[in-house]
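K.L.:
My questions all concern the structure below.
Bear in mind that the values in this text are calculations on the coordinates, not laboratory data. Quick caveat: nothing in here was measured; it's all calculated off a predicted structure. Every residue, glycine among them, receives a Cβ derived from its backbone with ideal geometry; neighbour counts consider all protein chains shown.
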Amino acid sequence: MQENQKTKLGLQMATDPRWVNIAEMNIGEILSDHAWCEQKAATTCISLIVKYAHNAALVEQVTPIVAEEWGHFRRVLKELKSRGLELALPRKDEYVKQLFGLEKMGLKPKEVMVEKLLISAMIEARSCERFRLLSLHISDDYLKNFYREFMESEAGHYHTFLQLAKEVMPAEYVMNRWNEFLLAEAEIMKGLELRGDRMH
């Protein structure tokens, strides 16, 4: 990954470039996992809206993301079908599981809200980085454009979650916590097996 893109997202560790080649050899599994990632993203956003219905800004800004993520789910399903592939059963996402393990306990309600928003921002940032790699290096020209569109969408979601967090707590608090997440996420990435059948 180019350094300027890494800096833009704030990620402290780039995906191993070999991942794209491995993923391309398992494109059916990648597309299935991608579909489930979009479904989970939509579900997470709905959960945020339900839990924080009193926060008008969050409801207003996250509601369109629900529709967009569900639209992405349907689009990936369509791509699977066009290739004569079936949607595989969902798998446990070790990356996301470990991210949620970083959430601090015993916090005040607003701090808890920030934790959840930053975890969502982190997932979107890493997804954006991986979609970018696919858009640049996968050999299928159609999929290059396919994943470029997803990359641009995820980048917008990442910024939305980060900005919402800053509206809940002071920016300094949010960015200090975000930097802690970035460092911890890099350690998670180092410990994960390089797999070509998962988006994360």
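K.L.:
Considering 24, 29, 38, which residue is under 15 Å from residue 153 (Cβ atoms) and among the charged types (D, E, K, R)?
P.N.:
Answer to the selection: 38.
K.L.:
Another question, then. Filtering region 39-73 down to residues that are touching a residue at least 60 places away in the same chain (Cβ under 8 Å) and small (Gly, Ala, Ser), which residue is farthest from residue 122 (Cα to Cα)?
P.N.:
Among them, the one singled out is 57.
K.L.:
Exactly one of these conditions fails for residue 106: (1) part of a helix (DSSP H, G or I); (2) out of contact with any helix residue (DSSP H, G or I) (no Cβ under 7 Å at 6 or more places or on another chain). Give me its number.
P.N.:
Looking at each condition in turn, residue 106 falls short on (1).
K.L.:
While we're looking at this one, here's another question. Going residue by residue through region 118-134, is there one that turns out to be in a helix (DSSP H, G or I), without any contact (Cβ under 8 Å) to a residue 40 or more places away in the chain, surrounded by fewer than 19 Cβ atoms within 10 Å (Cβ to Cβ) and not aliphatic (A, V, I, L, M)?
P.N.:
Looking for residues that are in a helix (DSSP H, G or I), without any contact (Cβ under 8 Å) to a residue 40 or more places away in the chain, surrounded by fewer than 19 Cβ atoms within 10 Å (Cβ to Cβ) and not aliphatic (A, V, I, L, M), one finds none in region 118-134, hence no.
K.L.:
Shifting gears a bit: Does residue 153 satisfy being without any contact (Cβ under 8 Å) to a residue 40 or more places away in the chain, in a helix (DSSP H, G or I) and not aromatic (Phe, Trp, Tyr)?
P.N.:
no
K.L.:
Let me ask something else about it. Taking the condition of being under 17 Å from the mean Cα position of the chain (by Cα) and in a helix (DSSP H, G or I), how many residues in region 188-200 meet it?
P.N.:
Residues flagged as under 17 Å from the mean Cα position of the chain (by Cα) and in a helix (DSSP H, G or I) within region 188-200 amount to 2.
K.L.:
Checking residue 146 against (1) within 24 Å of residue 36 (Cα to Cα); (2) over 15 Å from the mean Cα position of the chain (by Cα); (3) without any contact (Cβ under 8 Å) to a residue 24 or more places away in the chain: exactly one of these is not met. Which one?
P.N.:
The failed condition is (3).
K.L.:
Another question, if that's okay. Against the condition polar (S, T, N, Q), part of a helix (DSSP H, G or I) and farther than 28 Å from residue 79 by Cβ, how does residue 179 come out, does it pass?
P.N.:
Answer is yes for this residue.
K.L.:
Which of the residues that make up region 169-178 are surrounded by fewer than 16 Cβ atoms within 10 Å (Cβ to Cβ) and in contact (Cβ under 8 Å) with a residue 24 or more places away in the chain?
P.N.:
If the condition is that a residue be surrounded by fewer than 16 Cβ atoms within 10 Å (Cβ to Cβ) and in contact (Cβ under 8 Å) with a residue 24 or more places away in the chain, then 173 is the only one that fits.
K.L.:
Something else about it: Could you list, in sequence order, the residues of region 96-109 that are of a type outside the set (Val, Ile, Thr) and surrounded by 12 or more Cβ atoms within 10 Å (Cβ to Cβ)?
P.N.:
98, 99, 100, 102, 103, 107
K.L.:
Whether any residue in region 137-154 is within 25 Å of residue 56 (Cα to Cα) and either crowded, with 16+ Cβ neighbours inside 10 Å or aliphatic (A, V, I, L, M) (or both) is what I want to check. Show your work before the answer.
P.N.:
Of all residues in region 137-154, those within 25 Å of residue 56 (Cα to Cα) come to 153-154.
Adding the requirement that they be either crowded, with 16+ Cβ neighbours inside 10 Å or aliphatic (A, V, I, L, M) (or both) leaves 153-154.
So far as region 137-154 goes, yes, one or more of its residues are within 25 Å of residue 56 (Cα to Cα) and either crowded, with 16+ Cβ neighbours inside 10 Å or aliphatic (A, V, I, L, M) (or both).
K.L.:
Return a yes/no flag: does region 98-106 have any residue that is under 21 Å from residue 189 (Cα atoms), among the charged types (D, E, K, R) and within 16 Å of the chain's Cα centre (by Cα).
P.N.:
No: region 98-106 contains no residue that is under 21 Å from residue 189 (Cα atoms), among the charged types (D, E, K, R) and within 16 Å of the chain's Cα centre (by Cα).
K.L.:
Oh, and also: Kindly indicate whether any position in region 16-28 is touching an Asp or Glu at 6+ places or on another chain (Cβ under 9 Å), under 20 Å from residue 150 (Cβ atoms) and free of Cβ contacts under 8 Å to residues at least 24 places away in the same chain.
P.N.:
No.
K.L.:
Looking at this structure, is residue 85 within 22 Å of residue 135 (Cβ to Cβ), more than 19 Å from the chain's Cα centre (by Cα) and free of Cβ contacts under 8 Å to residues at least 60 places away in the same chain?
P.N.:
yes
K.L.:
Any residue in region 182-194 that is basic (Lys, Arg), surrounded by fewer than 16 Cβ atoms within 10 Å (Cβ to Cβ), in contact (Cβ under 8 Å) with a residue 12 or more places away in the chain and out of contact with any strand residue (DSSP E or B) (no Cβ under 9 Å at 6 or more places or on another chain)?
P.N.:
yes
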